[in-house]
Amino acid sequence: LTATTLKFFMYNMTLHPEYQERCREEVLSVCGTDRSEPISMEQVRQLEFLEACVKETLRMYPSGPLTARRATANCQINEFFIPKGSDVIISPLYMGRCKDFFPDPLVFKPDRWSSGAEPKIEATTFIPFMTGARSCLGQRYAMVMLKMVLAHLLRNFLFEPLGERQVKMKLNFVITLHTVEPYLCRVKNFD
């Protein structure tokens with residue numbers, strides 16, 4: 001699932017070079033410019049804008065676009081009654097693109113994740129790892145690893161669109177979220 005997130009992150013960075021540059025500046029400021037120096041866990045924790053870009057990528061392109069649960073008790077949600085034993089489909093993809101939860105849901109806006117951003121994002125509306133007792137056990141590990149890998153990549157490379165930018169990728173659901181066509185970008189050494 002991390003590979004899928006990396007692909008969509010790079011897609012967003014090539015579409016929005018200004019955000020790629022902000023991420024790179026943050027990485028160089030926090031982690032230093034010496035590529036031979038390892039990046040520490042403490043440094044990774046400080047990469048707030050990079051994390052905002054990862055969260056925004058996960059909001060728009062969650063690896064698991066659908067999940068199913070079974071109701072363990074009768075449940076009333078607004079006007080909907082869900083009887084015990086019913087299968088319920090939950091879509092992190094839909095929730096991340098719902099204007100009721102995220103203003104301008106189809107626009108990549110990592111600043112919506114900053115601490116002072118308004119409106120505040122409710123935890124139960126951002127569910128790429130699901131929520132509650134059955135949420136992903138590895139979600140913290142996944143976020144740390146994503147940020148670590150991306151910090152190394154951004155410290156060493158520049159990512160550019162290959163040819164014309166693909167403004168809108170066609171998505172495909174095969175257990176996890178994929179693109180119909182491969183996403184390709186140009187990778188250059190960053191000096």
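The values are calculated or read from the model by the stated rules, or taken from the named source; none is laboratory data. Bear in mind the structure is a predicted one, so any value in this text is a computation, not a measurement. Every residue, glycine among them, receives a Cβ derived from its backbone with ideal geometry; neighbour counts consider all protein chains shown.
Here ARG112 clears all of (1) under 14 Å from THR57 (Cβ atoms); (2) modelled with pLDDT under 90; (3) part of a helix (DSSP H, G or I) except the condition numbered (2). The sole residue among ALA52, ALA71 that is touching a Ser or Thr at 6+ places or on another chain (Cβ under 9 Å), surrounded by fewer than 14 Cβ atoms within 10 Å (Cβ to Cβ) and not polar (S, T, N, Q) is ALA71. Consider segment 39-73 and keep the residues that are assigned to a loop (DSSP other than H, G, I, E, B) and among the polar types (S, T, N, Q). The one that is nearest to MET145 (Cα to Cα) is SER40. For LEU47, the requirement of being closer than 23 Å to ALA3 by Cβ, modelled with pLDDT of 90 or more and in contact with a strand residue (DSSP E or B) (Cβ under 8 Å, 6 or more places away or on another chain) is not met. Candidates LYS168, LYS147, LYS188: the one that is closer than 22 Å to MET13 by Cα, of a type in the set (Lys, Arg) and in a helix (DSSP H, G or I) is LYS147. With respect to (1) among the acidic types (Asp, Glu); (2) more than 16 Å from MET143 (Cβ to Cβ); (3) at pLDDT 95 or above, the lone exception for ASP34 is condition (3).
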